[in-house]
Amino acid sequence: MIKARITVTLKNGVLDPQGKAIEHALSGLGFDGVGQVRQGKVFDVELSESDKGKAEADLKAMCDKLLANTVIENYSVTLT
């Protein structure tokens, strides 16, 4: 069994209205000095695979086909 964490974030230059709303809310809650906030998403995936190379290839294919919009998002895959 292989476990992985996939982190998906917006590419630089892509507007992030949710991040802006979080930034504003943190300021309203009294958290001064918070710079830019960017939001993303995290996927924890378990694969019944023993070959790490095949697992990484499958995980990247999952991201390219479903988990990330590669036009506006970047992703990273970390085997845990």
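The values are calculated or read from the model by the stated rules, or taken from the named source; none is laboratory data. From a predicted model like this one, the values you see are computed outputs, not experimental measurements. Cβ atoms come from the backbone with ideal geometry, glycine included; neighbour counts cover every protein chain shown.
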Flag for Val14 being of a type in the set (Val, Ile, Thr) and modelled with pLDDT of 95 or more: yes
Hits in the range 23-39 - residues which are touching a residue at least 12 places away in the same chain (Cβ under 8 Å) and either more than 21 Å from the chain's Cα centre (by Cα) or outside any loop (DSSP other than H, G, I, E, B) (or both): Glu23
Positions within the range 27-61 being closer than 14 Å to Lys3 by Cβ and surrounded by 11 or more Cβ atoms within 10 Å (Cβ to Cβ), in sequence order: Phe43, Val45, Leu47, Glu49, Lys52, Ala55, Glu56, Asp58, Leu59
